[in-house]
Amino acid sequence: MTKSVAHEASTTYAQGGISAVISQLDTVDEHVNDTVVAGDYLCDEKAVRALCTDGKSAIEKLVEIGTRFTKAEELEAKNKQADAVHAVVTNESKLIQSYQGLHLCREGGHGKPRIVHCDDMTGKEVERALVEATRKHPNVTFYENHACVDLMTSSSSSSSHANNNERRCVGAVAVSSCNENDDNDFSETSKIVRFYASTTLLACGGAGQLFPSTTNPVVCTGDGIGMAARANVVCENLEFVQFHPTALYADNDSLKSPAKKLDENENAFLITEAVRGYGGELWTHLEDGERFMPKYDERNELAPRDVVARAIHAEMRKNNSPCVYLDITKKDADDIAKNFPGIYKELKKRNLDMTKQRIPVRPAAHYLCGGVKTNIDGETSLSGLFACGEVACTGVHGANRLASNSLLEGVVFARRAVKTATKKSKESLKQLLEDEFEEIVDEDDFLKCDALDLSKNHNNEKSNKYRGIKVKKEFLSSDAFAQALRKEVQLSMWRACGIVRRTEDMRETLVKFKALQRLVDEEEEEAALLNGSNDDGTVTLALVEAKNLLAVGTLVLRSALRRKESRGLHYVVEYPDRVEEERMSTILAPIDADDETSDISSSSLIEIEQEEELVKQVVVARGPR
Ligand SMILES: Cc1cc2nc3c(=O)[nH]c(=O)nc-3n(C[C@H](O)[C@H](O)[C@H](O)COP(=O)(O)OP(=O)(O)OC[C@H]3O[C@@H](n4cnc5c(N)ncnc54)[C@H](O)[C@@H]3O)c2cc1C
């Protein structure tokens, strides 16, 4: 089931590649070591070992289903330009013996060349191969344009501290936005569909949309974490958000940015590290200004990602500017166009010539290291619920992700989760039938039902056991309140929980988010009254997503406030150093548990009320994005 079309996902935008030990020069131990060092010693070593050990078979599987990875010989022979780009990225792009002669790049943090890739569009090719293979599989039905809004559980305990062992996930509630008789007609008013399942796998990706600038596509609104949290599923390490230092800053106002936007909702286009590797310099202004990196690090523009991101952030703050500028114009124009054909073309489309003009860039949210906590077989704390990919926290990334480990994590742990779910499927199905369906349907009927879509059969009260978000019959795609809420969450997160964090800012934002939550509740109640609805409620997809962003933002803030040190991607000014006693994962129980605002003294309550008033005004004042 997917919210948009099958290929619209972060995976499609991945450029670099997938790490795996597939050459004789390399060992699993070395990959494990590089991963743990990058993770700032917070990784779960058992999970890391599983990741690195299964890397080779993951690549073999992708090749088997038809992924066309770049081969070393082809690259040498046919495409000198591409090789030049990779040579810049890796500084080490030589022919080495590898599985099927695949070309291997070396990226920052990897001690050996071990990045399998498909030119510089790896994700697109992997996604193509996976979607094509899956569409051909007789047991798989695709539900595109189906937005999952909540998980269904076998008991709807009102206690937020319910013992998850007593409950099971029995499927999910979704909203379909396509015509029942024609999958390509999305004009139909939406309908609610309940998918009953003995096993449910969350694979909803990350939450880059938590921030105003992100490389993630618009679908990455943290829905999986929001749904899991509402179902009292444990989440882990959500404070670790990776920012890419140089994403394009585009705006349709040419006074703000010389690069125009192609689409109002587009994700930020990545300007690869290779441009800096090629000699690109970071400057404060579009013309003249200061080349600032030498002030921050002796490696200048080639300092590690987090150092560059913090320096850019500091300069933006200092100059009250929405971006800084990347200058490559000193290099020969023809060479630039040859070495960076993709970026050159993309910028040209946006009226910017990188051979003559500086490129406006700023850090953008890129990857969420934490997520729904799983074991190495993808099992979450809720029986019957699995998670894999960016939505999950398997423990492999610790406090920072090693480049190209995330696509690998997706493949490796998805396979492990499926294996485990398959092993347990008989038992799970039996339990599901006993727990949930004994009064509703017998096993034969259940198995006959089309792709577990039992919505037509089960409209009674018992099947209504999902919590949290309610959805509207006329499932609108835009909604002024929701858009304003989304924007408010994004700006607040950037201010309080971006690259450099301050405890006071985070605490204030948490209070503000509580106030926003109350506003959302009021909005829902009002809409319910207006609709006179007493069944499936009242809320639009835009509001569902904004609510998830608010929920995930709250969890990220709570996690960040708990960590009293700076480690990996989490940098907080009051605790600038690593603290050995703090070297543990941040485990968050349900969303409605006591949080870090509970110790706010009563004298602050007046401030909170004022804050709520302010929030109301801000939200009302802001129009749609
Ligand atoms: C620009 C960019 C470059 C990257 N480069 C690399 C790289 O070189 N190497 C690397 O290893 N990693 C890279 N990454 C990270 C990597 O691509 C992602 O972490 C990974 O692809 C995530 O895969 P996923 O399947 O978990 O999520 P996604 O690929 O994002 O898929 C999530 C899916 O869930 C759907 N969905 C979400 N919410 C709902 C809902 N409520 N209901 C129904 N469907 C829903 C979405 O529509 C989408 O189809 C990059 C990421 C980006 C953005």
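How high is the FRET efficiency between Val573 and Lys419 when r is their beta carbon distance and R₀ equals 51 Å, given to the nearest 0.05? Write down the numbers at each step before the final one.
Working: r = 45 Å, r/R0 = 0.88.
After rounding, the FRET efficiency stands at 0.70.
Go ahead and run the numbers for FRET between Glu73 and Leu302, Cβ-Cβ distance against an R0 of 35 Å, rounding to 0.05.
Details: r = 30 Å, r/R0 = 0.86.
It comes out at approximately 0.70.
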Virtual spin-label span in nm between Lys46 and Arg350, 7 Å along Cα→Cβ: 4.4 nm
Prolate/oblate/rounded call for region 245-383, Cα gyration tensor, a/c under 1.5 rounded: prolate
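Tally Lys and Arg at +1 and Asp and Glu at -1 over the other residues with C-beta under 14 Å from the C-beta of Gly289: what net charge comes out?
Details: positive: Arg291, Lys295, Lys318, Arg358; negative: Glu281, Glu287, Asp288, Glu290, Glu315, Asp327.
Taking every other residue near Gly289 into account, the sum is -2.
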Extending each Cα 7 Å along its Cβ direction at Thr503 and Glu522, get the distance between those two points in nm, one decimal. 3.2 nm
Cross-link pairs Lys61/Lys124; Lys260/Lys338; Lys338/Lys487 - those with Cα-Cα distance over 28 Å: Lys338/Lys487
Assuming 0.36 nm per residue, please report the length gained on full extension of the stretch Lys136 to Asn320 beyond their Cα-Cα distance. 61.0 nm
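How far, in nm, would the chain grow between Leu255 and Lys331 when pulled straight, counting 0.36 nm per residue and subtracting the alpha carbon separation?
Values: separation 76, 0.36 × 76 = 27.36 nm, distance 2.61 nm.
Contour length minus Cα-Cα distance gives 24.8 nm.
No lab work stands behind these numbers, since they all come straight from the coordinates. All values derive from a computational prediction rather than experimental measurement. Because the Cβ atoms are built from the backbone with ideal geometry, glycine has one as well, and the counts that use them run over all protein chains shown.
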